[in-house]
Amino acid sequence: MHSSVITFPGSNCDRDVDVALKKFGFKNKMVWHDDVELPKSDLVVLPGGFSYGDYLRCGSMASKSKIMKSVLNFAQGGGKVMGICNGFQILVESGLLPGVLLRNKYLEFICKNVFVKVNNKDNSYFKDDKKDIYEFHIAHNEGNYFCSNEQIKEINDNNQIALFYSDENGNINEQSNPNGSLQNIAGVFNKQKNVLGMMPHPERMIDPALSGEDGSIFFENLINNLK
Amino acid sequence: MKISVVITLKKDVLDPQGKVIHQTLDGMGFEDINEVRQGKYFEIDTKENDKKKAEAKVDEMCKKLLTNLVIEDFKIIGSQ
Amino acid sequence: MKISVVITLKKDVLDPQGKVIHQTLDGMGFEDINEVRQGKYFEIDTKENDKKKAEAKVDEMCKKLLTNLVIEDFKIIGSQ
Amino acid sequence: MIVNEQLAIDHGLKKDEYKKICDLLKRIPNITELGIFSAMWNEHCSYKSSRFHLKNLPTKGKNVIQGPGENAGVIDIGDNDAIVFKIESHNHPSFIEPYQGAATGVGGIMRDVFTMGARPIANLNSIHFGSPQHKKTKNLLRGVVHGIGGYGNCMGVPTIAGQTSFDESYNGNILVNAMTLGHVKKDKIFYSKAAGLGKPVIYVGSKTGRDGIHGASMASASFDDKIEEKKPTVQVGDPFTEKLLLEACLELMAGDSIIAIQDMGAAGLTSSSIEMASKGNLGIEINLNKVPCREAKMTPYEIMLSESQERMLIVLENGKEEMAKKIFDKWNLDFAVIGKTTKSKKIELYFDEEKVADIPVNTLVENSPMYNRKWKKAKLPKKIKIEKEQFKTLKVQNVLNKILSNPNVCSKEWIWQQYDHTVMGDTIQKPGGDAGVVRVHGTNKAVAASVDSSAVYCWAHPLSGGKQIVCESWRNLISVGAKPIAITNCLNFGSPENEENMGEFVECVQGLGEASSYLDFPVVSGNVSFYNQTKDIGIKPTPSIGGVGLIKDYKNMVTMGLKASDNIILVIGK
Ligand SMILES: Nc1ncnc2c1ncn2[C@@H]1O[C@H](COP(=O)(O)OP(=O)(O)O)[C@@H](O)[C@H]1O
């Protein structure tokens with residue numbers, strides 16, 4: 001399986017994702033934001049970080065970079081595109097995913113482990129998942145998902161919510177919402193479910209010595225689904 | 001020509017920053033406040049000296065980059 | 001009464017955001033720009049209905065909380 | 001502008017220092033030259049009050065590759081791997097503008113580390129505030145924590161440990177000390193020593209603005225009621241540009257075109273160019289018209305003294321300019337050839353075709369003032385007497401509650417949760433333990449780091465306090481299973497011109513030295529911050545120690561959490 005990770009100026013989880021993808025069997029290539037063409041890929045990942053310093057609005061300027069035209073085409077042709085954290089912010093700014101990510105409700109950067117509940121397994125990211133609830137790591141300042149009333153209805157009608165923040169038993173409630181996200185949304189799909197954006201960082205949980213290993217389960221499953 | 005633009009959050013979008021500032025001001029003894037809303041302000045200095053043209057350009061910049069129309073509105077408030 | 005305030009960085013102070021926005025706009029084909037400066041905008045809705053008094057209050061809020069006069073200036077730009 | 005004694009005094013120089021400048025130059029300096037002397041000779045850059053005592057610290061050891069004197073210290077951790085680290089204060093700017101002050105402090109220390117060719121792998125910080133009840137504390141704390149996070153998080157470097165304390169002696173002068181560790185291959189370490197004649201001197205990074213002109217002098221002056229007037233000297237940090245600068249520098253460093261490299265920290269272009277020339281025993285000639293400036297009409301004085309952040313100075317091999325420029329263009333950073341090395345052993349500056357400064361390098365460095373300041377033993381605080389009877393009336397539960405709810409003891413999770421501590425995917429011990437631990441990427445080795453200070457001990461007995469703090473650092477490292485290797489220190493004290501404050505400094509440093517000699521725990525880098533005081537009252541003496549140790553196999557790391565019920569709990573030591 002071939003994957004590509006895009007490095008924007010200010011990306012800082014690009015290496016981390018590269019390490020994770022390779023660990024679980026992807027042949028990964030790093031792609032520079034100023035390049036025009038994507039290498040042949042089964043999966044394109046927009047990594048976390050602070051593209052363009054998170055200035056103006058997170059992800060807004062990265063969404064205008066050259067490579068994003070190719071990413072757009074790739075996604076429109078059904079290619080799998082996954083955005084993690086800042087990558088998620090870039091995907092909403094580029095219009096590939098609905099909604100926006102506002103500043104965290106309590107106005108503070110949050111770095112900690114959270115639980116997320118998988119909402120929709122009918123897609124290549126979570127199909128045949130052994131788990132319903134993952135323990136993932138979050139680290140962000142703007143993860144507060146928001147969209148208009150019409151949009152949220154559409155998202156729900158199309159079953160586009162990928163992940164909810166929950167407690168360890170899968171209860172979705174205010175206590176388990178770390179940043180004020182609408183309906184506890186932690187990740188969403190596009191209509192066709194080939195584009196996924198999520199705030200948590202599975203790549204930080206791929207080793208028993210790190211925060212946990214649920215990321216390993218996620219990536220193993222992902223590569224199997226793409227095969 | 002220098003164009004000034006103000007970008008504000010749409011009415012129904014929560015403004016947590018504004019809320020916290022409101023609370024803080026309240027705690028400092030400014031108790032007469034109904035609401036505080038925070039927005040962004042830009043000054044764009046362009047080579048274009050025709051007011052209409054300059055404003056049209058800035059309008060385009062706002063639509064293409066400076067605002068996210070899902071949550072924000074913009075208004076050109078001055079040109080000089 | 002609603003008072004609008006604009007807070008900008010002092011002239012010689014670096015505006016990292018403005019700089020990057022300028023570069024991005026340039027890359028998008030808006031090539032006529034000399035400079036972009038970003039600031040903050042506040043709308044403060046107070047119970048005070050006397051314009052002078054309301055503005056004086058907001059002036060005080062700016063000095064005490066909203067701006068850091070080390071690097072920023074503020075200006076009341078509207079009252080209604 | 002006419003240069004005279006009064007103008008020199010306004011620049012923070014003393015009368016006899018001004019006389020010494022005139023004697024060394026055999027003439028009256030012009031304004032640009034005066035600015036350069038004042039920047040190089042102030043406490044912050046010249047260590048004029050501390051050098052005499054610092055030279056007694058142990059700085060050598062079998063794992064030490066580079067001790068004090070470079071941008072940061074370097075230690076050997078085997079297999080061609082080395083760790084570069086240093087701690088630095090940013091106290092005064094943080095009091096004036098807490099967010100930007102703390103942010104640029106973090107930015108500055110990271111630059112010190114990657115200047116040496118190392119990729120930063122961990123950040124730490126030691127922050128000290130006034131009483132929690134003091135009206136300024138809340139805003140300062142909030143601003144500082146946001147600033148540290150704002151810069152470190154954006155850089156993508158995990159903040160793995162730190163220390164936070166409250167004491168009323170910091171009411172008018174908070175402390176913000178930032179520490180960074182970086183990893184480098186032993187054979188790819190870069191130094192600031194210029195070499196070779198006619199080599200191009202390159203400026204890279206951000207443009208030069210009017211920020212922080214005289215920031216270094218401010219760091220050497222104490223706060224008084226006129227603090228407002230000193231305001232415009234604070235710089236604004238741009239972590240995004242620094243991230244680009246980091247990547248661009250590491251990309252250039254992968255080749256072999258750099259002869260010397262130095263970041264522009266305090267006193268900007270002045271101290272960086274002079275340090276490079278001084279270490280290489282060379283001269284440097286700069287055309288100031290070539291320096292990329294943010295504002296129109298900046299004067300030579302302003303260009304030389306600007307403290308704009310995110311800038312570097314590089315001496316390149318001839319003929320490598322085009323290749324280097326390509327890298328900096330790719331990262332969208334300024335790049336300019338601004339001068340060359342010369343054999344004159346002078347710093348020679350040109351502006352609008354005119355020579356605007358001509359100073360022998362040795363007058364600025366070797367001949368800078370050094371003082372063996374008068375000092376006396378500080379008066380020790382009275383012992384607190386508690387009668388035995390009183391003890392008997394205390395309830396353990398109440399005492400425990402009181403201790404745990406003390407702001408100095410309570411959990412600091414709400415702080416470190418605002419710092420990204422897991423980015424880079426190698427953090428194996430997060431904040432909350434005795435020391436933070438990160439793996440050396442792709443190996444089985446791990447590096448532990450801790451930052452500690454204990455102002456109350458140092459105040460109660462400076463000599464023992466100095467020893468205790470080194471021992472605490474040692475204990476924190478061994479508690480996670482690491483072998484302690486070396487330390488860096490940030491010495492935060494009151495005025496060296498106050499004999500008691502100077503006494504605290506002298507005795508603390510002596511204690512520090514004794515303990516680190518005894519433990520074979522050498523000092524490889526550090527920083528002194530004097531004049532931490534409000535009006536005439538100095539802060540409690542606060543040396544911060546950053547300790548670094550090695551865990552050969554990270555699987556042997558130890559954590560403090562209890563592992564199972566029915567385990568036996570032992571107390572060891574005496
Ligand atoms: N400013 C800070 N930044 C990061 N971590 C911090 C900070 N302050 C405290 N910590 C972390 O909180 C924990 C408790 O700190 P402290 O009370 O100083 O530790 P100790 O028990 O060694 O005295 C430590 O793990 C420390 O790393």
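The values are calculated or read from the model by the stated rules, or taken from the named source; none is laboratory data. Note that the structure is predicted; figures quoted are calculated from it, not measured. Note that we place each Cβ from the backbone using ideal geometry, even for glycine, and neighbour counts take in every protein chain shown. With ligands, DNA and RNA removed, areas are computed over all heavy atoms of the protein, side chains included. Shrake-Rupley method; radii C 1.70, N 1.55, O 1.52, S 1.80 Å.
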Apply 1/(1 + (r/R0)^6) to the Cβ-Cβ distance of residue D:536 and residue D:19, taking R0 = 25 Å, and write down the FRET efficiency to the nearest 0.05.
-> 0.35
In deg cm²/dmol, rounded to the nearest 500, the helical mean residue ellipticity at 222 nm of chain D, built from -39500 (n - 2.57) for every DSSP H run of length 4 or more, is -10000 deg cm²/dmol
How big is the protein assembly as shown by Rg and Dmax over its Cα atoms, in Å?
-> 28.2, 87
Buried accessible surface, D vs C, both sides, probe 1.4 Å, in Å² to 100, equals 1200
Radius 13 Å from Cβ of residue A:194, net charge of other residues (Lys, Arg +1; Asp, Glu -1) | +2
Place a point 7 Å from the Cα of residue D:51 in the direction of its beta carbon; the residues of the stretch D:372-387 whose amide N falls under 20 Å from it are D:372-375
Calculated from DSSP helices alone, with each H run of at least 4 adding -39500 (n - 2.57) and the total divided by the residues of chain A, [θ]222 nm to the nearest 500 comes to -6500 deg cm²/dmol
For the residue D:384, residue D:27 Cβ pair and Förster radius 51 Å, calculated FRET efficiency rounded to 0.05 is 0.30
The stretch A:2-226 - percent of accessible surface contributed by carbon and sulfur, probe 1.4 Å | 44
The protein assembly as shown: antiparallel DSSP beta bridges as a percent of all, rounded to 5 | 80
Summed buried accessible surface, chains B and C, 1.4 Å probe, nearest 100 Å² = 2900
Accessible area, 1.4 Å probe, largest first: how do A:172, D:202 sort?
-> A:172, D:202
Might you tell me the accessible area per residue for chain A, computed with a 1.4 Å probe and given in Å²?
-> 35
Accessible area that becomes buried as A packs against D, both chains, 1.4 Å probe, Å², nearest 100 | 2300
Can you sort A:130, C:64 by 1.4 Å-probe accessible area, starting with the largest?
-> A:130, C:64
Excluding residue D:188 itself, calculate the net charge of residues whose Cβ lies under 12 Å from the Cβ of residue D:188, where each Lys or Arg counts +1 and each Asp or Glu counts -1.
-> 0
With every protein chain kept in place and a 1.4 Å probe, the stretch D:458-545 has an accessible area per residue in Å² of 30
Leaving out ligands, DNA and RNA but keeping every protein chain, what accessible area does residue A:193 have, in Å² rounded to the nearest 10, with a 1.4 Å probe?
-> 30
Could you please state how large a percent of the accessible area of chain D is carbon and sulfur, counting protein chains only and using a 1.4 Å probe?
-> 54
So for the pair residue D:186, residue D:7, with labels modelled 7 Å out along Cα→Cβ, what separation do we get in nm?
-> 5.3
Does a label point 7 Å from the Cα of residue A:220, set along Cα-to-beta-carbon, have any residues of the stretch A:22-42 with amide nitrogen under 19 Å, and which are they?
-> A:22-27
Protein-protein interface of the stretch A:11-28, residues with accessible area decrease of at least 30 Å², isolated chain reference, 1.4 Å probe = A:12, A:15, A:16
Which percent, to the nearest 5, of DSSP beta bridges fully inside the stretch A:2-226 are antiparallel?
-> 60
Reachable lysines, given that their alpha-carbon falls under 23 Å from the alpha-carbon of residue A:22 and they are not under 8 places away in the same chain | A:40, A:80, A:127, A:130, A:131, A:227, D:445, D:555
Reported to the nearest 10 Å², residue B:4 has, with a 1.4 Å probe, an accessible area equal to 20
Tell me the label-point distance for the pair residue D:254, residue D:517, using the 7 Å Cα-to-Cβ offset, in nm and rounded to one decimal.
-> 4.6
With every protein chain kept in place and a 1.4 Å probe, the residues D:301, D:18 fall, from largest accessible area down, as D:301, D:18
